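What follows is one structure encoded as structure tokens, with my remarks underneath.
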Amino acid sequence: MSDMPDFHSNKEPFEVVFSPWREDLAKRIIKRLHEKGVQVSYSKMKYNTFATGEILPDVPQSVRGKHVYFLHDLLAEDPNIALMRYLLSADALTRSDVASITCVFPNIPYLRQDRREPDDRASISAAVVLRLIEESSPRIRTIITYHMHAAQETGFVRLPIANLPGYVDHIRHLKQERGEDLGDAVIAAPDLGASKYARRIRKAIGSRYQIAIVDKERDNGATRPLDVIGEPVKGRRVIMFDDIIDTGGSILGAAQRLQDEGALDVEVRCTHGLFNGDAIQRFRGAGLRVVMLDTVSRPQSFHESERSWLAILPIDDMLAAAMHQTMQVAGSVSQLVR
């Protein structure tokens, strides 16, 4: 009897189809899958853009009857255009008679708008975007993505969503980098919403301190740090986690508040580093070390030019492991994040 798991590929093959903006990531994932004994074919989706700005995707080879894993960056160049590329690509794959589509998105935009306040008349765009993805094709089976803004967003659609928390990769990296020194680090959250992840990280790394939370208030979209709640940070090294760094104002303000409280050193870690506006210039001058995951496509020149303050951790291992689990009968993605 073979030691190989019972793969669906015994009956129907798998194929990884990727958009051009994540070609390097796709190749690393395919290599990881091959190392796990999974043989997959792969191809790069082609996109033609007309003078009108309209987009026409082209599936480069036959995918009839295959279980397709479509790796696509929903933030590439412009999230609105990237979303349209996805919708048209899903239709093209469906019309090519695939057996199923598993969407692999390192990131999903619009997820920060996940609720309405009583006096709002705004859209809940997280629900809109997730439903667009769900309804783009009857062949879609699963979504694999990294660190959605709020866990309840997985309930906005009926599709199963493998929501991979970024802190798992950070914990692994911290243990490799610092080892036993982590017991003396204070884990901080830049706001109350991030405190749940901070508690999980604290427990996983074995810190002997409780977490610290930077309380803040929001006024017309701007945030202002108020007090540090919980564990004192004076004279201690602090590691602060958040899911997204956008323009950097909130996280830089929280870091400054921790330093004002006497923190010896503040390291910032996040899953999605967007760095919009003048964020890069602000972080260059802040004197902070920042560690993010490779969920946003960047040219190699960016990695090299910002390495003095920014470290980018690979995500191919976790994505390949999640894809591998969904290829198996009774496979479990949740076991990867326990």
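Quick notes on this structure:
- If only the Cβ of Lys and Arg carry +1 and only the Cβ of Asp and Glu carry -1, the dipole of segment 64-184 around its Cα centre is close to 660 debye.
- Across the chain, the longest piece that holds none of the GluC sites (Glu not before Pro) lying in DSSP loops with up to 14 other C-beta atoms within 10 Å covers 78-338.
- Segment 18-85, dipole about Cα centre (Lys/Arg Cβ +1, Asp/Glu Cβ -1), debye to the nearest 20: 480 debye
- Kirkwood radius for the chain, taken over all pairs of different Cα atoms as the inverse mean of 1/r, rounds to 21.3 Å.
- Estimated at 0.36 nm per residue, the fully extended path between residue 172 and residue 150 surpasses their Cα-Cα distance by 5.7 nm.
- The value for segment 222-314 of Rg(Cα) / (2.2 N^0.38 Å) is 1.08.
- Normalised per residue, the volume of the convex hull around the Cα set of segment 120-220 (Å³): 130 Å³
- Residue-normalised accessible area of the chain, expressed per residue, 1.4 Å probe, Å²: 48 Å²
- In a DSSP loop and with at most 12 other Cβ atoms within 10 Å, the trypsin sites (Lys or Arg not before Pro) in segment 132-196 are 158.
- The angle between the Cα long axis of helix 316-327 and the main principal axis of the chain comes to about 50°, on a 0 to 90 degree scale.
- Between the beta carbons of residue 256 and residue 24, assuming R0 = 51 Å, the FRET efficiency works out to 0.90 to the nearest 0.05.
- Heavy-atom accessible surface of the chain: percent carbon and sulfur, 1.4 Å: 47 percent
- Between the residues 194, 324, 228, the greatest Cα displacement towards the positive end of the dipole of the chain, with unit charges on the Cβ of Lys, Arg, Asp and Glu, is found for 324.
- Of 175/216; 196/216; 175/196; 31/175; 36/196, those spanning more than 23 Å from alpha-carbon to alpha-carbon: 175/216; 31/175; 36/196
- With a simple spin-label model that places each label point 7 Å from the Cα along the Cα-to-Cβ direction, the separation between residue 87 and residue 46 comes to 2.5 nm.
- Axis of helix 249-260 versus longest Cα principal axis of the chain: the two differ by about 30°, to the nearest ten degrees.
- Here the dipole of the chain is about 620 debye; that uses its Cα centre as origin and unit charges on the Cβ of Lys and Arg (positive) and Asp and Glu (negative).
- Overall shape of segment 1-132 was characterised from the C-alpha gyration tensor. The equivalent ellipsoid obtained from it has semi-axes of 31, 19, 14 Å, in decreasing order.
- Annotation note: chymotrypsin sites (Phe, Trp or Tyr not before Pro) in segment 30-121 located in DSSP loop regions with a Cβ neighbour count of at most 12 within 10 Å are 50.
The values are calculated or read from the model by the stated rules, or taken from the named source; none is laboratory data. None of these values were measured; they are calculated from a predicted model. A quick note on method: Cβ atoms are made from the backbone with ideal geometry, for glycine too, and the neighbour counts reach across all protein chains shown. Surface areas here come from the heavy atoms of the whole protein model, side chains and all, with no ligands, DNA or RNA. Shrake-Rupley method; radii C 1.70, N 1.55, O 1.52, S 1.80 Å.
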